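Asks: Questions regarding the structure given below will be posed in turn.
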Amino acid sequence: MKVPYMDRRAEIERSLEIVAERIGDPAPAIYARLFAQRPEYERLFALDPTGAVRGNMLATALDAILDIAGPNAWGMNFLLAERVNHSGVNVPPTEFLLFVHAVRDTVRDVLADDWTEEMSGAWGGVLAQIEAASAEAG
Ligand code: HEM
């Protein structure tokens, strides 16, 4: 479903609120999903025993996603810059969006029956926008 631009941010926010109500911090579930798909990335966080870096990475990614869903004042530029920066920690640009997918898929699975068409459209629209901008950036 195509979600009106103005509603996308609210839909994504609502989905994240429900996740917080149900499981609290979603970071463990999101990173578990990423590492199940790409076990080799787990060791990149060997120097992050407390999870602080992973927490920051997720918080920043969510801020960027919410901005892209709304006014997109900085979110896409930031994401594209991080996409390049992450080559420095051996995450190729082609792999970067896996994390954004892991976030969306975790939210979807936690919501289960409460995952609505509007939420699906809002998350899917933002993902498609990020994918298009990434493809353009090369
Ligand atoms: C498969 C995808 C990704 C992997 C494997 C990955 C991996 C990493 C690693 C290993 C670090 C720590 C770097 C260091 O120790 O210097 C890091 C930091 C960071 N990543 Fe990612 N990343 C991914 C996607 C993303 C995405 C989509 C964002 C979105 C903005 C992002 C934002 C950040 C930020 C802001 C930091 C710095 C956090 C801090 O030091 O407090 N990453 N990432």
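Asks: Output the number of residues of region 59-68 satisfying the condition of being surrounded by fewer than 17 Cβ atoms within 10 Å (Cβ to Cβ) and among the β-branched types (Val, Ile, Thr).
Replies: Residues flagged as surrounded by fewer than 17 Cβ atoms within 10 Å (Cβ to Cβ) and among the β-branched types (Val, Ile, Thr) within region 59-68 amount to 1.
Asks: Could you go through region 38-52 and let me know if any residue there is more than 19 Å from Arg8 (Cα to Cα), modelled with pLDDT of 95 or more and in contact with a Leu (Cβ under 8 Å, 6 or more places away or on another chain).
Replies: yes
Asks: I've got another one for you. If we keep just the residues of region 10-40 that are under 21 Å from Val110 (Cβ atoms) and acidic (Asp, Glu), which is nearest to the ligand (Cβ to nearest atom)?
Replies: Asp25
Asks: Here is a follow-up. Which pairs have Cβ atoms under 8 Å, sit 6 or more apart or on different chains, and link a residue in region 77-96 that is on the phi < 0 side of the Ramachandran plot and in a helix (DSSP H, G or I) to one that is near the ligand (Cβ under 8 Å from one of its atoms) and among the aromatic types (Phe, Trp, Tyr)?
Replies: Close Cβ pairs satisfying both conditions: Glu82/Phe96; Arg83/Phe96; His86/Phe96.
Asks: When Asn56 is evaluated against the numbered criteria (1) touching a helix residue (DSSP H, G or I) at 6+ places or on another chain (Cβ under 9 Å); (2) closer than 21 Å to Glu13 by Cβ; (3) assigned to a helix (DSSP H, G or I), which criterion, by number, is the only one it fails?
Replies: With respect to (1) touching a helix residue (DSSP H, G or I) at 6+ places or on another chain (Cβ under 9 Å); (2) closer than 21 Å to Glu13 by Cβ; (3) assigned to a helix (DSSP H, G or I), Asn56 is out only on (1).
Asks: Can you pull out every residue in region 24-40 that is open to solvent by 80 Å² or more (accessible area, probe 1.4 Å) and closer than 23 Å to Asp114 by Cα?
Replies: Once the filter is applied, which keeps residues that are open to solvent by 80 Å² or more (accessible area, probe 1.4 Å) and closer than 23 Å to Asp114 by Cα, region 24-40 yields Asp25, Pro28.
Asks: Now a separate question. Hey, can you tell me all the residues within region 41-53 that are near the ligand (Cβ under 8 Å from one of its atoms), part of a helix (DSSP H, G or I) and open to solvent by 50 Å² or more (accessible area, probe 1.4 Å)?
Replies: Hits for region 41-53 are Leu44, Ala52, Val53.
Asks: So, of the residues in region 91-114 that are near the ligand (Cβ under 8 Å from one of its atoms) and not β-branched (Val, Ile, Thr), which turns out to be least open to solvent (accessible area, probe 1.4 Å)?
Replies: Ala102
Asks: So if I check each of Asn77, Asn56, Asn85, Asn72, which one is under 23 Å from Glu118 (Cα atoms) and surrounded by fewer than 18 Cβ atoms within 10 Å (Cβ to Cβ)?
Replies: Selected residue: Asn72, the only one of Asn77, Asn56, Asn85, Asn72 that is under 23 Å from Glu118 (Cα atoms) and surrounded by fewer than 18 Cβ atoms within 10 Å (Cβ to Cβ).
Asks: So which residues in region 80-90 are more than 6 Å from the ligand (Cβ to nearest atom) and hydrophobic (A, V, I, L, M, F, W, C), if there are any at all?
Replies: Answer for region 80-90, where residues must be more than 6 Å from the ligand (Cβ to nearest atom) and hydrophobic (A, V, I, L, M, F, W, C): Leu80, Ala81, Val84.
The values are calculated or read from the model by the stated rules, or taken from the named source; none is laboratory data. Here the structure is a predicted model, which means the values were calculated and not measured. All Cβ positions, glycine included, derive from the backbone under ideal geometry; neighbour counts span all protein chains shown. Only protein heavy atoms, including side chains, enter the accessible area calculation; ligands, DNA and RNA are left aside. Shrake-Rupley method; radii C 1.70, N 1.55, O 1.52, S 1.80 Å.
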